[in-house]
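Comments concern the structure below.
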Ligand code: ATP
């Protein structure tokens, strides 16, 4: 919907049980969100769709579920301990916190602030009179590097504790298991290791609902390959990543590639797919050509060889890595924004979520037409169909009101149980998007729905 605001989506999510503010009865806990009954189903279905497309349907991709807490040396090897930080700057007047590099790049998009020292950034901000976007003051604190990893400690003896970190990215779980997976799956290069899991980042500027939070889920894979094949594989994932989000229902005109000009020192190429959120064009996912950096570093820090022995050529080499990573929460937000419509009907309006049936929280709603007569049969139908997919049951209010309740949570099919069901074993099935109804034998309903919800 055009002119959709983030506020509208946040309120709608809260009202209908998609997403609630975290720890709400304690006045919340900033930038944490809890998925409610329908939001949980939606996000789970999105993760399942991703897993099906990129793991199940790909002969050469293997899934893992690695620990969130890892040996702290992992984060030394990855470079996070030394440099996973952002330049933080506070406005002394209104106390708002900003990322200095963002302030500079928003002021002049041709400047690459990432490569500047703190002193260079302070000078640039001073020379160009950059003001606080919140209150207009120029009273800035000095820039300090702000560590983005959440640190905690592990140890049973007081005073003798070791620092451990909540992982800020899931991919290290794949790198450290490269040898294990390759050996046990007898995997031949090129192959990928995939994972879906939580990551944690002490972001300086979290916000915009699910867009940037301090705890989030990543769906990502690392493809291990030969250097000669690596750019083709990189291009292939760019295509597949875009196809995936289009197939899930995101509008093509709200999606675009954003190739990076500035690259991390080890990277050979990088591209984001951006989505046009209500806050503007922003990164939805990243595809990165990481060269041999990750496995080489783990080889160096662990002392274990990460070389692959090609069984055909007997060649030994450290594979290149292509990474494809997408935030499950950020994608859920994009899907919510993209699916929402306030539709004007002949004598009415309705709010509807046009989710792809595969990711809709409930696939069918089972509605007894008259509570007194049709409840038993409706419950029987619920028990029958809920063995195959998520169903919901609603017996309160007029049938029209019940349809509206299902529309706004995106239930693609409403099944009405009436006298025809009792007498002839038939039901009417209403389609959420067209609002058309068809009559079907109860015996055919399961196959009918299963066919519609395939992804
Ligand atoms: P950004 O530049 O926006 O901070 P990034 O480039 O650091 O993101 P990656 O490390 O490549 O992001 O993470 C891969 C994906 O994980 C992102 O494309 C995004 O979908 C998701 N993601 C990253 N940080 C967050 C966050 N704080 N909250 C929600 N999702 C996130």
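For the chain, evaluate the Debye formula with one uniform point scatterer on each Cα (no solvent term) and list log10 I(q)/I(0) at q = 0.08 Å⁻¹, rounded to two decimals.
For the chain at q = 0.08 Å⁻¹, log10 I(q)/I(0) is -0.58.
Looking at the calculated P(r) for region 182-291, what percent of the C-alpha pair distances fall above 17 Å?
That tail contains 64 percent of the Cα-Cα pairs.
Decide, for region 226-292, between rounded, prolate and oblate: order the square roots of the alpha carbon gyration tensor eigenvalues as a ≥ b ≥ c, take rounded if a/c falls under 1.5, and otherwise choose prolate if a/b is larger than b/c, else oblate.
In terms of gyration-tensor shape, oblate.
Would you compute the Debye intensity of region 286-346 from its alpha-carbon atoms alone, equal scatterers and no solvent, and pass along log10 I(q)/I(0) at q = 0.15, 0.17 Å⁻¹ to two decimals?
-0.67, -0.75
List, largest first, the extents of the alpha carbons of region 117-172 along their principal axes, each in whole Å.
Per principal axis, max minus min of the Cα coordinates gives 51, 30, 23 Å.
What is the Rg over Rh value, at two decimals, for region 72-120, using alpha-carbon atoms and the Kirkwood definition of Rh?
With Rg and the Kirkwood Rh in hand, the quotient comes to 1.10.
Compute the acute angle (0 to 90°) between the alpha-carbon long axis of helix 442-452 and the principal axis of greatest extent of the alpha-carbon atoms of the chain; round to the nearest 10°.
30 degrees
List the equivalent ellipsoid semi-axes of region 362-452 in whole Å, largest first, each obtained as the square root of 5λ for an eigenvalue λ of the Cα gyration tensor.
So the equivalent ellipsoid measures 17, 16, 12 Å along its semi-axes.
Once Rh for region 85-147 is found with the Kirkwood sum over Cα pairs, what is the Stokes-Einstein diffusion coefficient at 10 °C and 1.306 mPa s, in µm²/s?
The Stokes-Einstein estimate is 138 µm²/s.
Could you list the square roots of 5 times each eigenvalue of the Cα gyration tensor of region 331-378, that is, the equivalent ellipsoid semi-axes, sorted largest first and rounded to whole Å?
The equivalent ellipsoid of region 331-378 has semi-axes of 28, 18, 6 Å.
Could you work out, for region 1-131, what percent of all Cα-Cα pairs fall into each 5 Å distance bin, beginning at 0 Å and stopping at the bin that holds the largest distance?
Taking every Cα pair in region 1-131, the percentages come to 2, 7, 9, 10, 9, 14, 17, 17, 10, 4, 1, 0.
Quick note: the coordinates plus some simple rules give every number you see, no bench work behind them. The structure displayed is predicted, hence computed values, not measured ones.
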